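K.L.:
Just passing along the structure, written as C-alpha cells.
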Amino acid sequence: MEDAEKGPQQHPDSIPEVGEDAVTSVGPSPPPPPALTEEERQELQEELLKVEDEIQTLSQVLAAKEVLLADIKRKLGVTPLNELKQNITKTWQDVTTSIAYRRTSETLSQASLKATAAFSNVGSAISRKLEDVRNAPTFKSFEEKVETLKTKMTPSASTTSNAGGDQASGSPSAENLISEPEDSPAQEMPMN
C-alpha cells in the first residue's frame, strides 16, 4: 500500500503550481513513524476515509447548490450579460473610490492646470514678441513701404470716374475691358 501512495508523487523535481494544496506539493511521503501502533494506524486510516467521504459529500452539496443558484437566476431573469454588467459597474465603483484612483485623478488634475498655465504663458509670450516685432522700426518701415506700394497700385477716384472709360494714363481699365469686348457684334458691318 505504501507503493500506491508514493506512485503519483514520484516527481520530486516538478514545481507545484500556484494554488495547489500543500499536501500535493510536498515530495514523497515518508514512511509512518515507527512509534505508531497498529491500533493507532487503523484509527488514522478510518479517520482518513471519513474525511474523504465528507469532502465528497460537500462537493455534491456544492454542485447541488450551484444548480439551485442557476435555476433561481434563470427564474429572476438574471443573464450572464446582466451579471457581467453588474460586475463591471461594481468594479468601476471600487476603482473610483480607491485611494490610488483618487490620487492619480488629483495628480492629473494638477498636471492639467499646470499645462494650461504653461500654454497660456507661452501664448502670452508669443503675443508680446509679435507685438514687439510689429513695433520695431524695421517692421514699421516695411509696413510703410507696403502701404506706399498699395497706394500707388490703387487707382484714384478721379481716374475711375471718367465717362469715356479711359483712365488718365490712356489705357483702358480692367472693368472696361471686361464689359466691352473688342469684337462686339454692334460694330460689325452687315454684308450684302
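The values are calculated or read from the model by the stated rules, or taken from the named source; none is laboratory data. Computed from a prediction, not measured in an experiment: that's the story for all the values here. Positions of Cβ are generated from backbone atoms using ideal geometry, with glycine treated the same way; all protein chains shown enter the neighbour counts.
K.L.:
Looking at (1) surrounded by 10 or more Cβ atoms within 10 Å (Cβ to Cβ); (2) modelled with pLDDT of 85 or more; (3) of a type outside the set (G, A, S), which one does T97 not meet, given that it meets all the others?
P.N.:
The number of the failed condition is (1).
K.L.:
Still on this structure, please answer the following. Of the residues T148, T107, T116, T138, which single one is at pLDDT below 85 and assigned to a helix (DSSP H, G or I)?
P.N.:
Of T148, T107, T116, T138, the one residue that is at pLDDT below 85 and assigned to a helix (DSSP H, G or I) is T138.
K.L.:
Please specify each residue of the range 122-144 satisfying the condition of being among the β-branched types (V, I, T) and surrounded by 10 or more Cβ atoms within 10 Å (Cβ to Cβ).
P.N.:
Passing the criteria: V122, I126, V133.
K.L.:
Now for a different question. Being closer than 30 Å to E143 by Cα, of a type in the set (D, E) and assigned to a helix (DSSP H, G or I) is the requirement here; does E83 meet it?
P.N.:
no
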